[in-house]
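Asker: One structure, pasted below without further comment.
Read the figures in this text as sums done on the coordinates, not as results from a lab. Bear in mind that the values here come from a model prediction, so they are computed numbers and not experimental data. Ideal geometry is used to build each Cβ from the backbone, glycine not excepted, and the neighbour counts take in all protein chains shown.
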Amino acid sequence: MDFPQGIDSKFRFILVVAARARQLQSGARPLIQTPSKRATRIAQAEVQAGPVPFRVEEPDKLDLPRHDRTRSTKSAS
């Protein structure tokens, strides 16, 4: 499968398509003409055609919770 520019994996493709499908289901208008009426098919066609904007943030820029590594683990007895 060929991915649009900026999409590096099937997982990212699915995430972008799912987010766009939610927008379509919430009332957003399709960006391209397609014979399908299903939001997921329309979103997939839009992402493959390229008009859906998205950005990939670097992991260090994301606000992810850090695990407290100073906690000791209790062993099960």
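Asker: Between T40 and D8, 0.36 nm times their residue separation minus their Cα-Cα distance comes to what? Don't skip to the end; give the middle numbers.
Answerer: Values: separation 32, 0.36 × 32 = 11.52 nm, distance 1.98 nm.
In short, 9.5 nm is gained.
Asker: About its Cα centre, how strong a charge dipole does segment 10-54 have in debye, to the nearest 20, once Lys and Arg get +1 and Asp and Glu get -1 at the Cβ? Kindly include the intermediate steps, with their values, before the conclusion.
Answerer: Values: 8 positive and 1 negative charges, 27 e Å.
About 140 debye.
Asker: Continuing with the same structure: So for each of 20-32, 39-51 I average, over its residues, the number of other beta carbons within 10 Å; can you give me the resulting order with the highest mean first? List each step's numbers first, then the result.
Answerer: Values: 20-32: 14.0, 39-51: 17.9.
In decreasing order of mean packing, 20-32, 39-51 become 39-51, 20-32.
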